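Notes to accompany the following structure.
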Amino acid sequence: MGEYVIKLPDVGEGVAEAELVEWLVDIGANVREDDVLASVMTDKATVEIPSPVEGKIVWQGGKVGEVMAVGSPLVRLEIEGEGNVKPGDEPVPAAPKEPPKKEEPKPKADAPKPAPAKAPAPKTNGASSPMPAAAMRPEGEKPLASPAVRKRAAEAGVDLRRVMGGGPAGRITHEDLDAFIASGGETGARGTGLTRNMSVTETPVIGLRRKIAEKMEASHARIVPITYVDEIDMTALEDLRAQLNSDRKEGRPKLTLLPFLMRAMVKAVADQPHLNAIYDDEAGVVHQHGAVHIGIAAQTPNGLMVPVVHHAEARDIWDCASEVGRLSEAAKTGKASRDELSGSTITITSLGAIGGIVTTPVINHPEVAIVGVNKMQTLPRWDGQEFRPRKIMNLSSSFDHRVVDGYDAAVFVQRIKALLENPAMIFIED
Amino acid sequence: MAIIDCKLLVIGAGPGGYVAAIRAGQLGLDTVIVEAEAHGGTCLNVGCIPSKALIHVADEFEKATHFAGESAIGISSGKPKIDLKKTVAWKDGIVKRLTGGVGGLLKKNKVRAIKGWACFVDGKTVEVKTSEGVETVRAENVIIATGSKAVELPFMPFGGDVISSTEALDLASPPKNLAVVGAGYIGLEMGIAFAKLGSKVTVVEALDRILPLYDKDMTRPVAKKMKSLGMEVLLGAKAKGAKGKGLEIETKDGEIKIIPADKILVTVGRAPLTEGWGRENLALDMDGRFIKIDDQCRASMTGVYAIGDVTGEPMLAHRAMAQGEMVAEIIAGENRSWDKVAIPAICFTDPEVLSAGLSPEEAKDAGFDTITQVFPFSANGRAMTMEAEDGFIRIVARKDNHLVLGIQAVGGGVAELSASFGLALEMGARLEDIAGTIHAHPTQGEAFQEAALRTLGHALHI
């Protein structure tokens, strides 16, 4: 028997720490080689840590949500044969958070009396119960009441699930029931079906949610945003899009608005390269990129993710479309790689499908510009002689005012507006 | 014959049915109960009561055997003899008193009892075959309480020397060699009793453990006692059939052998009695082999209720009684639904095994973060004075608020503790409630208090 320590491996270039997001095995579990032990999250990619050996888990190095340094011990295994920890070797740092469970001696009739048990006693006494006095019952939990109370409640038409329990462990006492009835508490007879919901659910902000929170915090704390909104007449582009879609060759993706907008942005940043940039505000340097790596903010079952279409400047409209399709699928199924989720130089965010006329997009720090797509709708517009139905869509864009002036922002948006309203220009080389 | 109209018709006068009828009578409902046999059902006639009578006799006989010659406690006497015919007659007397008592209670509560076999014509009408002909009963509400029957092995049907627990309670003498097929609670209760009465008992169980519904800690003291009684337990073995004066089995290792058996007691479970009373004339939804019911024991037809063994596990008389009482009150217009926290279950083995509420495993599976501890009877004074040191009491509680989720016990006479276990669970006791209740000294009940104290981390006597 030996002990084998698995350390948190280097899970990505330049990654010094990773957040533990899931344990897939518990202490005491037997694992085989290549069984996944835990998931850790770096930046935005989740990495599964497999076991290189067969053995039994005897210790875990952290709790879910904890940020662990690369190289710190993740689990200790008991294995057949020699481990990788020898006596006298560098001891595993940090006392285990949970000492290995000691089995209480089982009572054996013939054996001498077991020694006094030092059970891990939660300190309690009658006065200070571990539950607050008028405890709120977590949702779904059965109300606790003596048979007499239950019977009285049934006779009074009171659903005990609606009654707060003031007794120990949240037990509903006769007094609780009296108070409920006296207060005109909803009884079955009234049966409005509407009840006060006193539940409070605590959700630890971990994993992707924490990453999002940190990103948003960084953006808000540092960036001074200016948001600029203008409306765009999409009628011509929509006609063109419909045409392209109906005539498209087999195997080509169906075009959405996004590829057009991406190509328009490529053109617009060619004129204003300082908008396609990373602002290293600590060093005080703006890195203008020749490459246009466009982040596409996407809602996934876990939360917001931003897969990146790299080198949009080198992709035609069809290529942009298929890449967006591939990446958003990968993001939704959690299969997007770290590379596919990083490196953007400018970002598009779209809540258009849901509705809304204006958004104030939060800049994807340390970028300096983000373009937000709002809902398209058919609205009357005056063409000089009469009102005509036009397909109108707002574009809400934010810029880092520290390095982009309002004038530049306006010029950029107006350029995109011109391109989208005259879509042929998107396809003409300057 | 005239048609009998009533508010409530109960089919089956077992513990579920007769309780429903009595309660309905108390509430003033015009009630008819139909039963083909004696009142009291399996429980009073061929189950709980007569088996406990036999077990009592076996215990007394074992004591006497124990005293033949020298004994540690200083009593010595001659070798005891048993006249099982006399035992059976005594047992029958008890059964008769009880079943007669049920008849009296029904009468007192103005319930009309019809002796005969009921068969549904439709959801409101039942034809009863009585010795005087067929009577038709029409009822606004019907309670189906037909119970269950012993499961028969297809290759070894009951008859001759292959017997069910019913016949085992009426033997003229203890069989020299008794083979018990099935190590559930019925098989072990009867097997242990006959072992005490002098039979050479072999228990054959297909699974790899006895009393599979209970964890190993709880069954260990029973296995130990069975061994000391000279009982042989063949686990992982399959009964193949009766062969002359023996039972052919296939052992765990695939070996075919014949174990001597003057009687073969088959106790491989009980099946709900869902045929033979016209279920085909109703449109009842089933839940597996059982009649499907909701939390008010309503079956899928309006005005039709079902209670007891025919509605599912656990097949226990006290569950059926509680259901029967509830349904009578529902039919009388009261607002009731099944809200019981625990249905304690007891094996009257030696030692007795008792479980109320959730086991540690079940509590964990239900998602509770738990604390649990045992208190052994080897540290309990009263247990020592009764020569009943084997066993323990175990408590499972929620870690966060110390609400007691389950209580188990193994030991001599622990069945009686079921009252306080059930009360604690039903009242929503916390560990502190049990620990803070004075338990009289010297009793085995002190072990209950100590188990609570120990779970809280400060047992006094260990």
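A count restricted to the range A:204-218 and to residues that are surrounded by fewer than 17 Cβ atoms within 10 Å (Cβ to Cβ) and among the β-branched types (Val, Ile, Thr) stands at 1.
In a residue-by-residue description of the range B:397-406, the property of being buried (at least 20 other Cβ atoms within 10 Å of the Cβ) and either closer than 30 Å to B:SER51 by Cα or of a type in the set (Ser, Thr, Tyr) (or both) applies to at least one position.
Hey, among the residues in the range A:150-179 that are in a helix (DSSP H, G or I), under 24 Å from B:HIS402 (Cβ atoms) and at the interface with another protein chain (Cβ under 8 Å from one of its Cβ atoms), which one's farthest from the chain's Cα centre (by Cα)? Ranking the candidates gives A:ARG150 first. Summed over the range A:291-345, the residues that are of a type in the set (D, E, K, R) and either part of a loop (DSSP other than H, G, I, E, B) or closer than 17 Å to A:MET265 by Cβ (or both) give a count of 7.
Scanning the range B:445-462 for residues that are part of a helix (DSSP H, G or I) and either modelled with pLDDT under 95 or at the interface with chain A (Cβ under 8 Å from one of its Cβ atoms) (or both) yields B:ARG454, B:THR455, B:LEU456.
Take the residues in the range B:436-456 that are within 15 Å of B:ARG398 (Cβ to Cβ) and not β-branched (Val, Ile, Thr); name whichever of them is farthest from the chain's Cα centre (by Cα). Within the range B:436-456, the match that is farthest from the chain's Cα centre (by Cα) is B:LEU456. Of all residues in the range B:59-87, those that are aliphatic (A, V, I, L, M), within 18 Å of B:PHE194 (Cβ to Cβ) and either out of contact with any Pro (no Cβ under 9 Å at 6 or more places or on another chain) or not in a helix (DSSP H, G or I) (or both) total 1.
Please pick out the residue among B:GLY324, B:GLY312 that is under 21 Å from B:GLU426 (Cβ atoms), surrounded by fewer than 19 Cβ atoms within 10 Å (Cβ to Cβ) and in contact with a Phe, Trp or Tyr (Cβ under 9 Å, 6 or more places away or on another chain). Working first, answer last.
Details: B:GLY324 fails: surrounded by fewer than 19 Cβ atoms within 10 Å (Cβ to Cβ).
None of the others qualify; the one that does is B:GLY312.
Taken over the range B:386-402, the criterion of being in a strand (DSSP E or B) and within 16 Å of B:PHE448 (Cβ to Cβ) is satisfied by B:PHE392, B:ILE393, B:ARG394, B:ILE395, B:VAL396, B:ALA397. Listed conditions (1) crowded, with 22+ Cβ neighbours inside 10 Å; (2) within 14 Å of chain A (Cβ to nearest Cβ) are all met by B:GLU334, apart from (1). Can you name every residue in the range A:387-430 that is assigned to a loop (DSSP other than H, G, I, E, B), farther than 14 Å from A:ASP233 by Cβ, over 32 Å from the mean Cα position of the chain (by Cα) and in contact (Cβ under 8 Å) with a residue 24 or more places away in the chain? The answer is A:ASP430, and nothing else.
Condition (residue is over 14 Å from B:GLU352 (Cβ atoms), crowded, with 19+ Cβ neighbours inside 10 Å and free of Cβ contacts under 8 Å to residues at least 24 places away in the same chain) applied to the range B:368-387: is it met by at least one residue? Yes, the range B:368-387 has at least one match.
Of all residues in the range B:160-197, how many are assigned to a loop (DSSP other than H, G, I, E, B) and either surrounded by 21 or more Cβ atoms within 10 Å (Cβ to Cβ) or of a type outside the set (A, V, I, L, M) (or both)? Spell out how you get there, then give the answer.
The initial filter retains those residues of the range B:160-197 that are assigned to a loop (DSSP other than H, G, I, E, B), namely B:160-161, B:164, B:169-176, B:182-184, B:197.
Checking the rest, the ones that are also either surrounded by 21 or more Cβ atoms within 10 Å (Cβ to Cβ) or of a type outside the set (A, V, I, L, M) (or both) come to B:160-161, B:164, B:169-171, B:173-176, B:182-184, B:197.
Residues flagged as assigned to a loop (DSSP other than H, G, I, E, B) and either surrounded by 21 or more Cβ atoms within 10 Å (Cβ to Cβ) or of a type outside the set (A, V, I, L, M) (or both) within the range B:160-197 amount to 14.
Among the residues here, A:ILE348 does not qualify as part of a loop (DSSP other than H, G, I, E, B) and either modelled with pLDDT under 95 or not charged (D, E, K, R) (or both).
Are there any helices (runs of 4 or more DSSP H) wholly within the range A:188-281 with 2 or more residues that are more than 29 Å from A:ARG381 (Cβ to Cβ), and if so which? Let's see the steps before the verdict.
Working: elements: A:207-222, A:235-247, A:257-271.
Because the criterion is at least 2 residues that are more than 29 Å from A:ARG381 (Cβ to Cβ), the helices (runs of 4 or more DSSP H) in the range A:188-281 that meet it are A:207-222.
Under the condition of being more than 14 Å from every other protein chain (Cβ to nearest Cβ) and closer than 20 Å to A:PRO147 by Cα, the residues counted in the range B:420-444 number 2.
Tally time: how many residues in the range B:31-58 are touching a residue at least 40 places away in the same chain (Cβ under 8 Å) and either surrounded by fewer than 20 Cβ atoms within 10 Å (Cβ to Cβ) or assigned to a helix (DSSP H, G or I) (or both)?
Here is the first cut: in the range B:31-58, the residues touching a residue at least 40 places away in the same chain (Cβ under 8 Å) are B:31-36, B:38-55, B:57-58.
Add one more test, that the residue is either surrounded by fewer than 20 Cβ atoms within 10 Å (Cβ to Cβ) or assigned to a helix (DSSP H, G or I) (or both), and what stays is B:36, B:38, B:41-46, B:48-55, B:57-58.
Selection size over the range B:31-58: 18.
Surrounded by 17 or more Cβ atoms within 10 Å (Cβ to Cβ) and part of a strand (DSSP E or B): does that describe B:VAL121? So B:VAL121 does not fit the description; no.
Summed over the range A:1-27, the residues that are touching a residue at least 60 places away in the same chain (Cβ under 8 Å) and over 22 Å from the mean Cα position of the chain (by Cα) give a count of 11.
Of a type outside the set (Gly, Ala, Ser) and either farther than 11 Å from B:ALA415 by Cβ or part of a helix (DSSP H, G or I) (or both): does that describe B:VAL353?
Taking the combined requirement at face value, the residue does not satisfy it.
Would you check if B:LYS399 is free of Cβ contacts under 8 Å to residues at least 12 places away in the same chain, over 30 Å from B:PHE67 (Cα atoms) and within 13 Å of chain A (Cβ to nearest Cβ)? Let's see the steps before the verdict.
Values: free of Cβ contacts under 8 Å to residues at least 12 places away in the same chain: no; over 30 Å from B:PHE67 (Cα atoms): yes; within 13 Å of chain A (Cβ to nearest Cβ): yes.
Here the answer is no, as B:LYS399 does not meet what is asked.
Given the structure, is A:GLY65 at pLDDT 50 or above, assigned to a loop (DSSP other than H, G, I, E, B) and under 30 Å from A:GLY343 (Cα atoms)? In short, yes. Given the conditions (1) closer than 19 Å to A:LYS215 by Cα; (2) within 20 Å of the chain's Cα centre (by Cα), which single one is not true for A:ALA277? Failing condition for A:ALA277: (2). When B:ILE210 is tested against (1) within 23 Å of the chain's Cα centre (by Cα); (2) free of Cβ contacts under 8 Å to residues at least 12 places away in the same chain, just one condition goes unmet, and that condition is (2). Residues that are small (Gly, Ala, Ser) and under 27 Å from the mean Cα position of the chain (by Cα) occur in the range B:86-97; there is at least one. Checked against the criteria, A:ALA145 counts as crowded, with 22+ Cβ neighbours inside 10 Å and within 8 Å of another protein chain (Cβ to nearest Cβ).
B:VAL410 fulfils the conditions (1) touching a residue at least 60 places away in the same chain (Cβ under 8 Å); (2) more than 10 Å from every other protein chain (Cβ to nearest Cβ); (3) out of contact with any helix residue (DSSP H, G or I) (no Cβ under 6 Å at 6 or more places or on another chain); (4) not acidic (Asp, Glu) except for a single criterion, (3).
The values are calculated or read from the model by the stated rules, or taken from the named source; none is laboratory data. Everything numeric here is computed off the predicted structure, so don't read it as measured data. Neighbour counts are summed over all protein chains in view; Cβ atoms, including those assigned to glycine, are modelled from backbone coordinates with ideal geometry.
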